[in-house]
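Data first, discussion second: the structure below is written as structure tokens.
The values are calculated or read from the model by the stated rules, or taken from the named source; none is laboratory data. Keep in mind that what you see is a predicted model, and the values were worked out from it rather than measured. Here the Cβ positions follow ideal geometry from the backbone for every residue, glycine too, while neighbour counts run over all protein chains shown. Areas reflect the complete protein model, heavy atoms only, side chains present, ligands, DNA and RNA absent. Shrake-Rupley method; radii C 1.70, N 1.55, O 1.52, S 1.80 Å.
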Amino acid sequence: MIRCFARIPLIGAPFISTVHFTSPPSIRIFASRSPSSSSSSSSSSSTVAASRRSISLTIIAVTSSVVSSVSFSSPALAEFSEIPNSGGVKALDLRTGDGEVPIEGDQIEIHYYGRLAAKQGWRFDSTYDHKDSNGEAVPFTFILGSSKVIPGIETAVRSMKVGGIRRVIIPPSQGYQNTSQEPLPPNFFDRQRLFTTIFNPTRLANGEGSTLGTLVFDIELVSTRSLHQ
């Protein structure tokens, strides 16, 4: 049986995921002894027991260190869980917030890192890189339920509290369905690389559609505000 664990890094530090595979019980190896000059020509076999080994596969995708004030109390080893009725979106809370939970129609502000699984975790966008005239990071703003944002992000924030940070794995069906859905990388070349990968006609024809558009987002819920007050 193979058990997988995700070792959770801090946002703003290099993104390191470690998966441990535990090998099956010890393997027996049979080796033949060389003939001895003082014994008969017949050979005998001996059994050498190989101890169990643990193989670690480490995948490292380095992201820029831009957040120094965020700390997490999550355990070193944790597992993702699927959000109910989400279409397959899996979530892992890196920090639980203590603020309000957003409702439909609220104006939401989030910070995020967006990565593309098909490009070995390539980070295609980050709101921490979007600066105003004072050099402050500008959150991404949207109306919850407006359908202008990819479904996976809306699903993720619906059950978050302000101040929380959540990592989500978004399958293609809950990610980008067209090139106008938000959030959009402001850099033209990043947008082009993102969408030419997700909507690559040759690879889609080869049946790779179930993996090309898989996204990994780290989302920080900054604020939620009702527009009906």
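Things to note:
- Which of Ser86, Ser223, Ser133 is most accessible, then next, and so on - probe 1.4 Å: Ser133, Ser223, Ser86
- Annotation: His228 carries an accessible surface of approximately 150 Å², with a 1.4 Å probe and no ligand, DNA or RNA atoms counted.
- Whichever aspartates and glutamates have a C-alpha closer than 18 Å to that of Lys119, once near sequence neighbours (fewer than 8 apart) are set aside: Asp190, Glu208, Asp218
- Those aspartates and glutamates that a straight Cα-Cα span of less than 12 Å connects to Lys131, excepting residues fewer than 8 apart in one chain: none
- For Asp190, net neighbour charge (Lys/Arg +1, Asp/Glu -1) across residues whose Cβ lies under 13 Å away: +3
- Counting only residues at least eight positions apart within a chain, or on another chain, the lysines with an alpha carbon under 20 Å from that of Lys161 are Lys90.
- Under the Debye formula (equal points on every Cα, no solvent term), log10 I(q)/I(0) of segment 157-206 at q = 0.15, 0.18, 0.27, 0.29 Å⁻¹: -0.57, -0.75, -1.12, -1.17
- When nucleic acids and ligands are ignored and a 1.4 Å probe is applied, Arg193 ends up with an accessible area of around 100 Å².
- Those residues of segment 126-146 whose amide nitrogen sits under 13 Å from the label point placed on Glu182, 7 Å along Cα→Cβ: 139-146
- Square roots of five times the Cα gyration tensor eigenvalues for segment 87-226, Å: 25, 17, 13
- For Lys161, solvent-accessible area (1.4 Å; no DNA, RNA or ligand), Å²: 90 Å²
- Over all other residues within a Cβ to Cβ distance under 15 Å of Ser159, the charged ones net out to -2, with Lys and Arg as +1 and Asp and Glu as -1.
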